[in-house]
1. Yes or no: F204 under 19 Å from the mean Cα position of the chain (by Cα), under 18 Å from G119 (Cα atoms) and open to solvent by less than 30 Å² (accessible area, probe 1.4 Å)?
2. Within 23 Å of C313 (Cα to Cα) and of a type in the set (A, V, I, L, M): does that describe V196?
3. Just give me the residues in region 140-170 being more than 18 Å from Y106 (Cα to Cα) and open to solvent by 50 Å² or more (accessible area, probe 1.4 Å), in sequence order.
4. Does F258 fit the bill of being of a type outside the set (S, T, Y) and within 23 Å of G194 (Cβ to Cβ)?
5. Could you tell me whether region 268-288 includes any residue that is under 30 Å from L187 (Cβ atoms), in a strand (DSSP E or B) and of a type in the set (F, W, Y)?
6. Of the conditions (1) at pLDDT 95 or above; (2) away from ligand 1 (no atom under 16 Å from the Cβ); (3) among the hydrophobic types (A, V, I, L, M, F, W, C), L118 fails just one. Which one is it?
7. Consider A167 against the criteria (1) touching a Phe, Trp or Tyr at 6+ places or on another chain (Cβ under 8 Å); (2) within 16 Å of ligand 2 (Cβ to nearest atom); (3) not hydroxyl-bearing (S, T, Y): it satisfies all of them except one. Which criterion is unmet?
8. Can you tell me which residue in region 274-288 is farthest from ligand 1 (Cβ to nearest atom), limited to those that are under 16 Å from G237 (Cα atoms) and open to solvent by 30 Å² or more (accessible area, probe 1.4 Å)?
Amino acid sequence: MQVLLLLTLAAAFAPAHLTSVDLSCDCRLWHLRDTSINLHCVRGQDGASRVSCQTAEEVDIPAGYRYIPGFALIKLYGTMKPWPGAKKACEDEGAQLAVPRNSAHYDGLKQFFKARRLGWGNIGVTDQASEGVFVGVDGRPVGNIPWSPGQPDNHQGIEHCVDYNSAGGSNDVDCANAAPYFCERPLRAPIPEGYVWMGDAGRFYKVHYERRVFAEAARECKAENGRLAVTDTRRRGEAALELFDLDVDSFQVYLVGFTDQAVEGDFVTETGRHLRDMEFQAWGINEPNNNDNGRPENCLALSKRGFYNDVRCDNPLPFICEILP
Ligand SMILES: [Ca+2]
Ligand SMILES: [Ca+2]
Ligand SMILES: [Ca+2]
Ligand SMILES: [Ca+2]
């Protein structure tokens, strides 16, 4: 990505013990405007100021979250933190310390231990407010805690936080003990059948192989709490390609969520985002040509080969829906 960086030092004389100083700085994108920028201005130990820019897309969640059907998006962090620090770390990324509420949820958490080679992790359950009354981080009571034998024992009177281990048991522990922890990203709505979580892309996707004209395809996605896929970044384009059935003709194209019905040649999403500003723009040879035997092509389709083609909006095609987490 081409980024033009403008940096202004607003306050050069910050106290020496601070690693963070008041700088004002500004990043501008040269070419790709459909992104917002997170800026980090810091002063290093050597006194030099540094700026880092990160793109922030619409809704983004950190890599590593996995979907536990019927529960949520979950991630097990191995960087150990005391329970309050873990709680804050989850909240800082729009999640919460995970609060499993039934045996299926606990089974879902259990899957993580092997993959991460970790033996336990803290969950968002505590009896800090009232000894022996275990509630979730949201304050709601939780039942079904799979206590290990002899637990909870409130050992030495200081165990008010709860963990969960690879043997499938929970223990009340000292909240000050550093431990791995589970973050839970709640879903806004249930995820319908057939949707696949693509962690790299941060989206749920479903390929509909039944053919629909553009307007009808958009309606069907909406009926599933989704929308036609907006393949705005390379990793989202890549994720869509990974989903296509390998047995289907590789020249098959799939409708995605852009049209140039309003302004010829300017493909926009339903929320007014412009394709020309996006990272992923891969037109097929001689496309867009806006010409199907003399009839205009105002809708966008993505081929399994990773190229866009403008197509007629009244041409029934398979389509890709996405759901934002
Ligand atoms: Ca306790
Ligand atoms: Ca205990
Ligand atoms: Ca057109
Ligand atoms: Ca075309």
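1. Here the answer is no, as F204 does not meet what is asked.
2. For V196, the condition - within 23 Å of C313 (Cα to Cα) and of a type in the set (A, V, I, L, M) - is not met.
3. Once the filter is applied, which keeps residues that are more than 18 Å from Y106 (Cα to Cα) and open to solvent by 50 Å² or more (accessible area, probe 1.4 Å), region 140-170 yields G150, D153, H155, Q156, I158.
4. yes
5. Within region 268-288, not a single residue is under 30 Å from L187 (Cβ atoms), in a strand (DSSP E or B) and of a type in the set (F, W, Y).
6. Condition (1) is where L118 drops out.
7. In the conditions (1) touching a Phe, Trp or Tyr at 6+ places or on another chain (Cβ under 8 Å); (2) within 16 Å of ligand 2 (Cβ to nearest atom); (3) not hydroxyl-bearing (S, T, Y), A167 misses (1) alone.
8. W283
The values are calculated or read from the model by the stated rules, or taken from the named source; none is laboratory data. Small disclaimer: the values here were computed from a predicted structure and weren't measured. Positions of Cβ are backbone-derived with ideal geometry, glycine not excepted, and every protein chain shown enters the neighbour counts. Heads up: the accessible areas ignore ligands, DNA and RNA and are worked out on the full protein's heavy atoms, side chains in. Shrake-Rupley method; radii C 1.70, N 1.55, O 1.52, S 1.80 Å.
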